[in-house]
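In what follows, a structure is listed as C-alpha cells, so that the remarks can point back to it.
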Amino acid sequence: MPVESSAANPSDTVVTSKGPPQLSSSSSQQQQQQLVPATSSANEETTGIHWRRAQHIKQIYCNRTILPGVPNEHRLQEGDLEFRLRYLEKQRDEMKSRKIAEALMERLTAHHYVYVSSCRPEVTRTPFQNPFCSVMEFSVEVDTPAKGALEIVSPPTFYLGPRECTEVVLVVRLNAMAKTRDAESKHLRARLLTDGREVVRIVDVHATLGPTFVDRRFEIYGPAGTEVSKKIFSRVFSSALFPITSDRVKLLSRMRDMCARTTITSETTTAEVNAVLDPITQSFVTAWEEVTVRTTIPRDERGQRVEYLVLYKDDAMSHVIETWELCIFACQSVTSRELLFGQTTTVALPASGIEALYCSHSHVKVERGEGCYLLHVRPTEVGTQQVLLHALTDHHLAKTLLTIPTVYPTPTYTQTLEFSLADTTAPIFRRLQFLHRGTKEEVFTVRHNYKYQLRVTPKQFSLAPSDTQFITLQIDMLSLPEGQMEGRWPMWIFINNADDKTIESYLLNVVLRAHRVLHEMA
C-alpha cells in the first residue's frame, strides 16, 4: 500500500510507493482539503514552486488529474512548467559555479593596461611571491594565441623559497601581428605554473596598438632597381667605457658588446651595427656607433617604401634606444664632371620647365641664373658624392640624384717630410712662403685636409700685389699602431682667393718611422 505523509510545508511531501496507487475520488478530495490550507498559510513566493512540483509528481504517479473535472491537457502545461523550472535551476547552479570560479581566478590574476607603439616593445613587470611553505619550482608559459606578441624576458623557469618574492618581466610586441590595426586592443595572457602544472598566477595584458613613434627619419635613394648602402651615425660612446690600458682583444670584445641590436620591418633591407674607434685621439679613447643599411631601391619611381629600424640596448631587445623611419625611393640619376678637391666649383643645370630647385645638402648653394640653375659645390672629401635635388614642375616635386666625382688637383709644390717617433715627442714646426702674383689686393684663406694633426697660422690674410706671407705649419699628434714600423699622412694645403678658387696648393707627404731617420748631408 502506498504511504503519503503531509506536513505544513508541501515541499516535505514524500512518496514511497513503487507503483501508481488506486485512489478513490473521496480520498483525493480529503487530501486536497488538507493541502489547500497549508498553501494559504505559507509564503507564496517561497513555496509556490515546490507546491507545483508536488502536484506534478502526484499527477505522474496517479496517472490522472488532481481535481475532478480538469481536462487532461492541463497535465501538459504542468509538465512544461516543471521542465522550465528545472532548466532555470540548472542555469542558476551553473551561473553560481561560474561566478565562484571567476572570483577565484580574479584573485590569481594581475592585469596590465598598456599602450604599445607599433615597432616598439613595451615591458610589463609583475611581482610574484611563493605561496607555499616549501621550495617550489615555477615556470612561465604564454598562451598559444599570445605567442609572437608576448615574450618572456625573465627566466622562464625558476626556484623560490617559502614566501620568497621575484618579478616576472614580459615584453609586448604588437608589430609582429600583421592583422593588428591602430587603436585595436589585444588580450594577451601568460600563466605561472608549479612543477605539477597547477596555476598559481595569471598575467593578463590588455594592450592597445598605436602609431609608430619615430625618433629619426632618413631618406635612402638611388637609381631604380639598384642596391645601395648608406652609413648612418648612431651615437657616441663615453670614453669611460673603453679603458685605454686594455689590450686589443678586450677592447674589440668590449666594442662588440656595446653595439646595439637591431630589428627591421623588411626582408629586403639589412642593417649592420659597428663601433668605430678614433685613431687620432691619444689621451682618451673616442668611439662612436655607425649603422650600415643595405637595401634595394624600388623599380617604381612614383612610389616609395617605408621601413622601420629599431635599435635595442640589450640582447633581449626590450630596452629601445631609438626608432628610425627609412624612406626608400627611386629617382633619376645625373653625373656631373669631375670636380677638384679644396675649392668651390660652379655646376650649371638647365632651368627649362623648372619653377624652383632645392638641394638636400646644406653645403651646396643653389642660385637662379639666366636660363639655368647654378650649383656652388665645395666637396668635403675625395671620391664620389651624391646630392638630392628637388625640382618643382607643374605642382609636382621631381627628385633627381646628382653624382659628383671629386679628385685631388695637381699640386703646385710637393715635398716629403720624414720623422721618427723620437721627433714627435713635441710639436713640429715648418714655414711656407706665399707670394701674391695678382694685380690687386685680395684676401686669401688657407685650408687643409687634416683637422687634428695639422694646424696653420694665419688662416686668413690680405696681401697687396707682389707681397709675401709666411704661413706657419704645426704638425702634431702623430703615432704608429703597435707593431707598425711606418705611417704616412698626405697633407694638402690650399690657398684660395675670395672666390674660393685655389691659387696655390701644397702636398706634404709626412712619413713617420719607428726607427731613427738618417738625413743625407748635402
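The values are calculated or read from the model by the stated rules, or taken from the named source; none is laboratory data. Every value quoted in this text rests on a predicted model; they were computed, and no experiment measured them. Note that each Cβ is placed from the backbone with ideal geometry, even for glycine, and that neighbours are counted across all protein chains shown.
At a glance:
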quantity	calculated
Meets criteria (touching a residue at least 60 places away in the same chain (Cβ under 8 Å) and outside the structural domain of Leu311 (by the TED database)) for Ile232	no
Among the candidates Val285, Val273, Val236, Val249, residue that is among the β-branched types (Val, Ile, Thr), in contact with a Ser or Thr (Cβ under 9 Å, 6 or more places away or on another chain), closer than 30 Å to Arg488 by Cα and loosely packed, with under 13 Cβ neighbours inside 10 Å	Val236
Selection count where residues are touching a residue at least 40 places away in the same chain (Cβ under 8 Å) and closer than 18 Å to Leu417 by Cβ, scope segment 463-489	10
Residues of segment 215-230 that turn out to be loosely packed, with under 14 Cβ neighbours inside 10 Å, over 19 Å from the mean Cα position of the chain (by Cα) and not hydroxyl-bearing (Ser, Thr, Tyr), as a count	2
Hey, Val205 closer than 23 Å to Met317 by Cβ, in contact with a strand residue (DSSP E or B) (Cβ under 7 Å, 6 or more places away or on another chain), aliphatic (A, V, I, L, M) and exposed (fewer than 13 other Cβ atoms within 10 Å of the Cβ) or not	no
Residue match in segment 431-438 (condition: under 24 Å from Phe494 (Cβ atoms) and small (Gly, Ala, Ser))	yes
Single match in Arg261, Arg248, Arg216, Arg256 (criterion: out of contact with any Pro (no Cβ under 7 Å at 6 or more places or on another chain) and closer than 30 Å to Ala110 by Cβ)	Arg261
Residue that is within 16 Å of Gly342 (Cα to Cα), assigned to a strand (DSSP E or B) and not assigned by the TED database to the domain that holds Glu504, where the choices are His390, His376, His363	His376
Unmet requirement for Leu401, which otherwise passes all of (1) of a type in the set (A, V, I, L, M); (2) within 23 Å of Lys501 (Cα to Cα); (3) in contact with a Pro (Cβ under 8 Å, 6 or more places away or on another chain)	(2)
Strands (runs of 3 or more DSSP E) contained in segment 239-339 and holding at least 2 residues of a type in the set (S, T, N, Q)	261-264, 270-277, 287-296, 332-335
The lone exception for Ala426 - which of (1) of a type outside the set (S, T, N, Q); (2) surrounded by 14 or more Cβ atoms within 10 Å (Cβ to Cβ); (3) more than 25 Å from Lys231 (Cβ to Cβ) it fails	(2)
Unmet criterion (only one of (1) within 30 Å of Gln469 (Cα to Cα); (2) in a strand (DSSP E or B); (3) of a type in the set (Val, Ile, Thr)) for Thr384	(1)
